[in-house]
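What follows is a set of notes on a single structure, which appears directly below.
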Amino acid sequence: MFREALEKGVFVVTVELVPGRGAAGPALDAPAAFARRVRETGLGVHAISLTDGPGGGPAISPDVIAEEVAAAGVDPLVHLVCRDLNRNALEARATALARRGLNNVLALTGDYPTAVSGPIARPVFDFDSVQAIAFLKACNAGLEKPGRKPGATERLPPTNFLVGAAVSPFKSREEELVPQFIKLEKKIAAGADFIVTQIGYDLRRYHELLRYLRARRLRIPVLGNVYVLSLGAARAMRRGEAPGCVVGDDLIRTLEAEAAAPDKGKGARRERAAQMVAALKGMGYAGVHLGGFGLKFEDVERILARAEELAPQWEQIVSDIQFGGAEEFYLFPPPESYRPDLPPDPDPLAGLRGGRAGFQYRMMRALHDALFEERAPCYRALKALHQAADGKPALEALGHAAEFASKRLLFGCRDCGDCALPDTAYHCPEANCPKGQRNGPCGGSSDGRCEVFPEKPCFWTTVYRRAKAAGELDQVRRRRLPPRDPQLQQTSGWANYYLGRDYRKRVEESEK
Ligand code: SF4
């Protein structure tokens, strides 16, 4: 139902419900009950979206609730986060989903674990969302496995996943916003079938996402996230309890005024949600992803009916819902119109360059070009040297010790052996990103600060600044990095590079 509606270009509606913890209770029964009402009434809801440990805490697996929703006659959309799964567990989960016929998946990096009782769970993040999408699409092609005869390969039965990805166009700083779009492109290149936005309340930013996709000639259905926002939820977002959901002062003030009404602001927030649905539909969104704390069937029914009434006025509504700061960065100039049929803008990142690359960065790039590029004069000699040392423990240990000492000093190296430095502007993802993100930022940053360590800038803001200063943004946006190889931990990244063991070899092979 969901897949067919997307394929036919029907304006789709998904409703996100949060099952929560425990094995029983109203929050766990709500999704199937919601699905039954959808079936009984024929309300235009195409999927029920089920979260996977939101906020980084434990929760019942959405897969179990998804089965109940499917049995009640509505398509589930299962969230799959990378936080808790290594690659084996990801395959186990993906194949279990496929076995149960649960094919609609929203692949996400996931919020960092939070303390619920006692210490936090150990985070995994073996894959990022780009790599998880690529993995699910590889499952669709039939995963390769060793065959019975030596050297032969076979394929596992293909799956049939429809894979969604998320993006936040609501980041307020250039160095935070543009990496979101860069990562989005990688998600699309990895095979994402549709996009869902993060929660936001600035329709100009929703529109910017569509402009960006059009400017890049990327055709993919996008669902706008419409969260029916109460004052309590807004304050929780403000306190950073929902990573990546940013609520500004203007919106808080508006919600406070609305909360003084006899219905405590319920009517006003439903009206805003309906306005957003109407505006998003008008500007060319493929659908909406409705959510909200305690969202009921009747709320959704009313919002969708009201959105229909508001449809003719959608262009007037757009300027009413622009809760962004006056000083915020926008990627495009204010639009002349929000209509979907305007000609595409030029690529906003083409040739973008600015600032000055720092001394360390310039030196590292020069060294890289002199030592590691195949056309470099020393390349052959260094490769021969590493080949000669390979398999000789004393020489290997010597080379590794020298490399680790220098990289530890310069980059805080964690000795992963699958060194991404040249692709992350000489800023180490293992040392500087708690989620080890190699393809772009997670969605959790706020005001340029890291979701996990707010006292530090998000790792990707630095990568962006350096890559922009060096005119290398195009390279960053094109290059899709595979998951790092844990077998290379505590081995020499240089040797692995010269001997074709590191991720560059895997990228080259996948690009053939
Ligand atoms: S450094 Fe950036 S990408 Fe990494 S966890 Fe923090 S916010 Fe996310």
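Data for the structure
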read-out: Extreme residue, farthest from the chain's Cα centre (by Cα), among residues of the range 47-64 that are in a helix (DSSP H, G or I) and touching a residue at least 40 places away in the same chain (Cβ under 8 Å); value: 62
read-out: Unmet requirement for residue 388, which otherwise passes all of (1) over 24 Å from residue 362 (Cα atoms); (2) modelled with pLDDT of 95 or more; (3) near the ligand (Cβ under 9 Å from one of its atoms); value: (3)
read-out: Qualifying residue in the range 209-223 (condition: in a loop (DSSP other than H, G, I, E, B), touching a strand residue (DSSP E or B) at 6+ places or on another chain (Cβ under 9 Å), β-branched (Val, Ile, Thr) and surrounded by fewer than 22 Cβ atoms within 10 Å (Cβ to Cβ)); value: yes
read-out: Residue in the range 165-173 that is charged (D, E, K, R), surrounded by fewer than 23 Cβ atoms within 10 Å (Cβ to Cβ) and farther than 17 Å from residue 224 by Cα present; value: yes
read-out: Residues of the range 265-304 that turn out to be out of contact with any helix residue (DSSP H, G or I) (no Cβ under 8 Å at 6 or more places or on another chain) and surrounded by fewer than 20 Cβ atoms within 10 Å (Cβ to Cβ), as a count; value: 5
read-out: Members of the range 226-270 found to be touching a residue at least 60 places away in the same chain (Cβ under 8 Å), within 24 Å of residue 302 (Cβ to Cβ) and either outside any loop (DSSP other than H, G, I, E, B) or aromatic (Phe, Trp, Tyr) (or both), listed by number; value: 226, 227, 232, 233, 251, 254
read-out: Among residues of the range 19-46, those that are outside any helix (DSSP H, G or I) and either among the basic types (Lys, Arg) or surrounded by 22 or more Cβ atoms within 10 Å (Cβ to Cβ) (or both), counted; value: 4
read-out: Cβ pairs under 6 Å, 6+ apart, first in the range 86-114 and open to solvent by 30 Å² or more (accessible area, probe 1.4 Å), second of a type in the set (A, V, I, L, M, F, W, C) and not in a helix (DSSP H, G or I); value: 86/124; 103/161; 103/162; 108/81; 108/166; 112/452
read-out: In the range 408-461, residue farthest from the ligand (Cβ to nearest atom) [restricted to those that are part of a loop (DSSP other than H, G, I, E, B), closer than 16 Å to residue 112 by Cα and without any contact (Cβ under 8 Å) to a residue 60 or more places away in the chain]; value: 455
read-out: Selected residue (only one of 159, 114, 109 is at pLDDT below 95, β-branched (Val, Ile, Thr) and assigned by TED's automatic domain parsing to the domain that holds residue 186); value: 114
read-out: So residue 406, is it closer than 30 Å to residue 491 by Cβ, among the polar types (S, T, N, Q) and out of contact with any Phe, Trp or Tyr (no Cβ under 9 Å at 6 or more places or on another chain); value: yes
read-out: The range 300-339: number of residues that are within 27 Å of residue 16 (Cβ to Cβ), outside any helix (DSSP H, G or I) and hydrophobic (A, V, I, L, M, F, W, C); value: 3
read-out: The range 415-433: number of residues that are β-branched (Val, Ile, Thr) and closer than 12 Å to residue 488 by Cβ; value: 0
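The values are calculated or read from the model by the stated rules, or taken from the named source; none is laboratory data. These numbers come from a predicted model, not from an experiment. Every residue, glycine among them, receives a Cβ derived from its backbone with ideal geometry; neighbour counts consider all protein chains shown. Each accessible area value is taken on the protein alone, full model and side chains, heavy atoms only, with ligands, DNA and RNA left out. Shrake-Rupley method; radii C 1.70, N 1.55, O 1.52, S 1.80 Å.
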